[in-house]
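The values are calculated or read from the model by the stated rules, or taken from the named source; none is laboratory data. Treat the numbers as computed from the prediction; the structure is a model and nothing was measured. Cβ coordinates were reconstructed from backbone atoms using ideal geometry, including for glycine residues, and neighbour counts include every protein chain displayed.
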Amino acid sequence: MTLGKKISIGIIGIIAVPLIVALFLPTHYQVERSIDIAKPASDVFAYIRMLKNQDQYSVWAKKDTNMKRIFTGQDGSVGFISRWESLDSEVGTGEQEIKMVNADTLEMETELRFLEPMEATERSYMKVSSLDQKKSKVIWGFDGSVPYPSNLICLFMDFQELIGKDFEEGLSNLKVVLEK
């Protein structure tokens with residue numbers, strides 16, 4: 001076998017192996033964290049359904065206190081949009097739109113549209129359940145996807161740890177704010 005053929009086979013292998021590995025990696029992930037808060041579930045839900053309140057507990061809102069904010073619609077209602085623009089690459093530019101609010105089940109869903117530094121659209125949700133009359137559990141979750149072959153990034157990034165850590169910190173901040 002000639003040196004040229006060996007180099008060609010080597011290059012094909014370098015390209016093919018990662019593509020084959022990516023076939024066996026997940027393209028979807030879900031991150032969910034929870035915390036107990038010493039407040040009635042209805043009070044907690046009334047607070048978290050208002051996206052403007054995220055500035056008080058969200059890790060991402062606290063990373064750039066100078067980010068530009070634009071709000072459209074009625075906060076706490078389906079269709080409300082909270083847009084942010086930041087020069088900080090960890091915050092970037094994007095928007096969050098309320099897609100579902102259910103006051104009976106104390107659940108809400110939002111669509112996160114990241115525009116910069118990378119484009120992505122993902123689902124986020126928060127659920128509140130009553131543990132007793134004065135205590136509730138808050139669940140904050142995120143569904144994401146990484147299409148093939150970009151899902152190779154899953155070998156190097158642990159979304160459970162990265163996003164989960166921010167959710168845990170945000171939920172701890174929420175607990176402090178609501179239990180004052």
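Within the range 120-135, is there a residue that is within 30 Å of A16 (Cα to Cα) and of a type outside the set (V, I, T)? Scanning the range 120-135, I find at least one residue that is within 30 Å of A16 (Cα to Cα) and of a type outside the set (V, I, T), so the answer is yes.
Restricted to the range 94-112, and to residues there that are under 16 Å from S58 (Cβ atoms) and modelled with pLDDT under 95, the residue that is surrounded by the most Cβ atoms within 10 Å (Cβ to Cβ) is G94. E116 fulfils the conditions (1) in contact (Cβ under 8 Å) with a residue 60 or more places away in the chain; (2) out of contact with any Cys (no Cβ under 8 Å at 6 or more places or on another chain) except for a single criterion, (1). Restricting attention to the range 150-180, the residues that are more than 19 Å from T121 (Cβ to Cβ) and either without any contact (Cβ under 8 Å) to a residue 24 or more places away in the chain or over 17 Å from the mean Cα position of the chain (by Cα) (or both) total 12. Considering the range 44-133, the qualifying strands (runs of 3 or more DSSP E), each wholly inside and each with 1 or more residues that are under 15 Å from the mean Cα position of the chain (by Cα) and closer than 28 Å to E179 by Cα, run over 81-85, 93-102, 107-116, 120-132. Summed over the range 42-63, the residues that are surrounded by 17 or more Cβ atoms within 10 Å (Cβ to Cβ) and of a type in the set (D, E, K, R) give a count of 1. Residue pairs whose Cβ atoms lie under 6 Å apart, sitting 6 or more positions apart in sequence or on different chains, and linking a residue in the range 81-93 that is within 15 Å of F71 (Cβ to Cβ) to a partner that is among the polar types (S, T, N, Q), are I81/T72; S82/Q96; E85/T93.
Which one of these is without any contact (Cβ under 8 Å) to a residue 24 or more places away in the chain and in contact with a strand residue (DSSP E or B) (Cβ under 9 Å, 6 or more places away or on another chain): K68, K6, K52? Don't jump to the end; show me each part of the working.
Values: K6 fails: in contact with a strand residue (DSSP E or B) (Cβ under 9 Å, 6 or more places away or on another chain); K52 fails: without any contact (Cβ under 8 Å) to a residue 24 or more places away in the chain.
Testing whether each residue is without any contact (Cβ under 8 Å) to a residue 24 or more places away in the chain and in contact with a strand residue (DSSP E or B) (Cβ under 9 Å, 6 or more places away or on another chain) leaves just K68.
Residues in the range 94-130 that are of a type in the set (S, T, N, Q) and in contact with a strand residue (DSSP E or B) (Cβ under 6 Å, 6 or more places away or on another chain) were compared, and the one that is farthest from D143 (Cα to Cα) is S130.
Looking at the range 17-43 only, could you name the residues that are in a helix (DSSP H, G or I) and closer than 17 Å to K180 by Cβ?
Of all residues in the range 17-43, those in a helix (DSSP H, G or I) come to 17-23, 41-43.
Scanning the range 17-43 gives a single hit, D43.
Among the residues of the range 127-157, write down those that are of a type outside the set (A, V, I, L, M, F, W, C), surrounded by 13 or more Cβ atoms within 10 Å (Cβ to Cβ) and more than 21 Å from Q56 (Cβ to Cβ).
Quick first cut of the range 127-157, residues of a type outside the set (A, V, I, L, M, F, W, C) only: 127, 129-130, 132-137, 141, 143-145, 147-151.
Now restrict to residues that are surrounded by 13 or more Cβ atoms within 10 Å (Cβ to Cβ): 127, 129-130, 135-137, 141, 143-145, 149, 151.
The answer is S129, S130, D143, G144, S145, P149, N151.
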